[in-house]
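The values are calculated or read from the model by the stated rules, or taken from the named source; none is laboratory data. Just so it is clear, the structure is predicted and the values come from calculations on it, not from any experiment. Cβ: placed from backbone, ideal geometry, glycine included. Neighbour counts: every protein chain shown. Quick note on the areas: whole protein, heavy atoms, side chains included, nothing else; ligands and nucleic acids left out. Shrake-Rupley method; radii C 1.70, N 1.55, O 1.52, S 1.80 Å.
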Amino acid sequence: MRRLMAWLDDRTGLISWSKWALEHPVPPRTGWWYVFGSATFLAFLLQVVTGIALATAYVPSAGQAYESLRFISERALMGHFLRGLHYFGASAMVILIGAHVTRTYLMGAYKFPRELNWLSGALLLLLTLALAFTGQLLRWDQTAVWSVIVAAAQAGRVPVIGPELVKLVLAGDTLGGQTLSRFFAFHVFFIPALVFLLVALHLALVLRHGISERPTPGEPVDKATYRRRYAELMAREGVPFWPDAAWRDVVAGAVVVAVVALLALIVGPPALGNPPDPSILHAYPRPDWYFLWYFAVLALTPNHLETIVIVFGPLIFGAILLFMPLFNTGERSVKRRPWAGLVVFFIVFVIAAFWMAGNKAPWSPDFEAQPLAASVVGDTTAAVVRGARLFHDKGCEYCHQIGSQGGKRGPDLSDVATRMTPDAMALKITNGGPDMPPFVSNLSPDELQAIVAFLTTRK
Amino acid sequence: MDPAPPPDSPHAGPAAPPAPELLARRRFLSRVSIALSAAAAAVVGVPVVGFLLAPLFRRSPQQWRAVGAADSFKLNETVSVTFEDASPLSWSGVTARTAAWLRHDADGFTAFSVNCTHLGCPVQWLADAQLFLCPCHGGVYNSDGAVAAGPPPRPLPRYPVRVRRGQVEILTSPIPLV
C-alpha cells in the first residue's frame, strides 16, 4: 500500500500537493466565523450532486417539463426528497454565501493582498443568484412562466437595448418552446462551469495569500509590511489547516447537510402550481423567498423612479461589489470601521423590511375576496345591503378591507365613517386617487348612493 | 507560498542564455501559435455565440388566428380568448398559447394584451366594475385599456384584430413588454 502511494505520488505529485495544501499554516484562533466559505462550497456540491440526479429524469422541454416534474415529485423513488434537497440546498447556498460575504466585509478580509479573493467571491455571489433565479424557473409551472415574463419586462426597461434583451430572455418574440431549454442550459452547464472555475481561482488565491488572520484594532493593513507580518505570524503561531481549523468546517458542513435534509423531509419542496399555460389568467406570480424582497422593492418604488431602480439598482449593486477592493488598505477591524458595521446592519434591515412587506404583499389586490356576510354588514336597510353587495361586485373589496375581509391595497374601511363625511366619500369614490381608479363612469348615481350609505354605517 | 516545483522535477530551468536568433525564432513561434489558437477559437466561437444570439435576428412570422365567431361575442362585453403563436415549435406544449382580452363594443372589436405594462403580469377583467386589475402590484385600467390607477406607465397594448368570414381574428405579435 505504502509503495503504491509512493508510486502514485511520484507519477502525479498529487499526494504531496494535497498534503501541502491541507497542512498549510493558517492563523490561530480563526474560530467559527471562518466556516461560511467552505459551507457555501459544500452547498454548491450538494446542488451539483442532487441536480445531476434530478437531471436524469427532468425533461427540459417547454411542453413536458411540468409533467416530468410531477413524475419526479409523485412517482419517482425518493424524487420528492431529492427535489426538497435541491430546493433547500439552494436556499442554504444563498444564505451561506451571504454570510460569507458579510463576514469577509466586516473583517476587512478583502484588503491587500486579497482584493482578487473578494472579486472572484463577488462574481460567485452574482452567479449564485443567477443559479437561484434560473433554478426557480426550471420548476416550470405557471408561476415560473410568469416569472420569466416579469424578468423580461424588467430587462425591457433598459434604455436602447431593452427590446433586444427581452428577445434574449424569452429566446424569441414570445414565450415558447425555446425559452425553457435555454434557461436549462444556463442553469446546468454554463453557470455551474463558471462557478467551478471561479471556485478554483478563489481557492488558489486563498492558498496563495493564506487565510486572513483575525483583525486586530490598531493594526492597519500596510502594503509595505503586511506580507512580512503575516509570514512572521504564521511562523510563530500558524497551525496546520488540517485538522486544527478544518474540523470546524466539517462540523459546519455536517450541520448544513443535516438541516437541509431535515427540511427536505419535513417541509418538502415547493408544490407545483398550475401548468405553464400563459392563457390561464388566474395567476399570482410570486418569486421564491430569496427574491421576495426585490418583488417588494418593485412594488414600493414610486412610479417615476421605477425604471431607474430596475435598471440602475442592480448595476450599482454590482459596481459596489466590484469596486470594494479599491479601499484595500487601512484598518480591518470593524471596531475601527464602525460604518462598515452600520452598512451591514442597514442592508440586512432594509432587506428584512422589504422581505416582510413582500411576504404580506399588501399592494396586491385580493382576488379571493368573497361578498361580505350579513353578520359583517350588520344592517338590513335595503340601501345598505345593496351597497355592501356592490362593495364586492365593483371591486372595492379587492383593495379595501372591511372587518378582516378584503385586500390591503387601499386603507381599511372598517371605520371609515369616523373619519370621512358621506360627501367626502362620494368625492373620493368618483375621482379616485393615484392608486385608486375613479369610478365616475362605472357607478350609476344610485349605486354610488348605496355604497356611500353602506360605508356610512362603518364606524 | 507558491507551490514550487519539487526539486526532482524533470523540468530543469533554461541552461545558457539563448542566442539572439533563437530568441527571434521563439518570438515568431509564439506569435504563430497564438494567432493559430485565436483562429481556431473563432471558428468554434462564431457559431456558438451566433447560435445564442439567434433570437435577435430571427423574426417570427405573424399570422391571423381565429378566436371565435363574431356573433358569439356579446356587445359591450370583454372576454378572454386564447390563440396559438404563429408556427409554434412542436415541443412548446401549452406554452405556445397566448391569451388576450377581447372587447366588443359599438366601435367593433378590440384585443388587449393581458400583460400589464408595469411588469408584464396578467391583468384580470372585473366585469361588474368594468376595470382591468393586475394581481402583482395593483395596476388598474379602464375598459378601453387606459390607465386608471397604480403603477402602469402605459395603457394596455392592443393586438391587431379583424373580422373575416364571420370569424374574429387576432394577429399574433411579439409579446408587448416594451
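Remarks
- Measuring with a 1.4 angstrom probe and ignoring ligands and nucleic acids, A:TRP140 comes out at about 0 Å² accessible.
- Inter-site label distance for A:VAL250 and B:LEU23 at 7 Å from Cα along Cβ, in nm: 5.4 nm
- Folded to 0 to 90 degrees: helix B:20-57 orientation relative to chain B principal axis, Cα: 10 degrees
- Whole-Å distance, taken between Cα centres, linking segment A:410-440 and segment B:24-72: 56 Å
- Helical runs assigned H by DSSP (4 residues or longer) give chain A a calculated mean residue ellipticity at 222 nm of -20000 deg cm²/dmol, each run adding -39500 (n - 2.57) before division by the residue total.
- Prolate/oblate/rounded call for segment B:93-178, Cα gyration tensor, a/c under 1.5 rounded: oblate
- Net charge contributed by nearby residues that have their C-beta within less than 13 Å of A:HIS392 (K/R +1, D/E -1): -3
- For a straight C-alpha distance cut-off of 27 angstrom, the lysines reachable from B:LYS74 (same-chain residues fewer than eight places away being disregarded) are A:LYS394.
- Potential lengthening of the chain between A:GLU74 and A:LEU300 amounts to 77.5 nm, from the contour at 0.36 nm per residue minus the alpha-carbon distance.
- Formal net charge of residues neighbouring A:ALA382 (Cβ-Cβ distance under 12 Å; K, R +1; D, E -1): 0
- Prolate/oblate/rounded call for segment A:354-401, Cα gyration tensor, a/c under 1.5 rounded: prolate
- Peptide packing: for A:118-124, A:221-227, the average count of neighbouring Cβ atoms within 10 Å per residue gives the ranking A:118-124, A:221-227, highest mean first.
- The trypsin sites (Lys or Arg not before Pro) found in segment B:83-178 that occupy coil by DSSP, while having at most 15 further C-beta atoms within 10 Å, are B:ARG165.
- Rolling a 1.4 angstrom probe over the protein assembly as shown with all protein chains present gives an accessible area of which 67% lies on carbon and sulfur atoms.
- Ranked order, A:ASP173, A:ASP415 - accessible area, probe 1.4 Å, largest first: A:ASP415, A:ASP173
- Buried accessible area, chains A and B (both chains, 1.4 Å probe, Å² to nearest 100): 4900 Å²
- Cα shape, segment A:1-99, gyration tensor, a/c 1.5 rule: oblate
- Across every pair of non-identical alpha carbons in segment A:374-455, the mean reciprocal distance, once inverted, gives a Kirkwood radius of 12.6 Å.
- Once the convex hull of all Cα atoms in chain A is built, its volume per residue stands at 210 Å³.
- Net charge of neighbours whose Cβ lies under 15 Å from the Cβ of B:VAL32, counting Lys and Arg as +1 and Asp and Glu as -1: +4
- Loop-located trypsin sites (Lys or Arg not before Pro) across segment A:32-130 with a Cβ neighbour count of 12 or fewer within 10 Å are A:ARG75, with loop assigned by DSSP.
- Annotation: per residue accessible area for chain B equals 55 Å², rounded to a whole number [probe 1.4 Å, protein chains only].
- With pairing defined as another cysteine C-beta under 4.7 Å, the cysteines of the protein assembly as shown that fail it are A:CYS396, A:CYS399.
- With the convex hull drawn around the C-alpha atoms of segment B:18-58, the volume per residue stands at 54 Å³.
- Segment A:295-310 and segment A:12-60 have Cα centres separated by 38 Å.
- Sites A:TRP339 and A:ARG103, calculated FRET efficiency, Cβ-Cβ separation with R0 25 Å, nearest 0.05: 0.90
- Ranking by accessible area, most exposed first, for A:PHE190, A:PHE81 with a 1.4 Å probe: A:PHE190, A:PHE81
- Residues of segment A:247-270 with amide N under 20 Å of a point placed 7 Å along Cα→Cβ from A:LEU203: A:247-257
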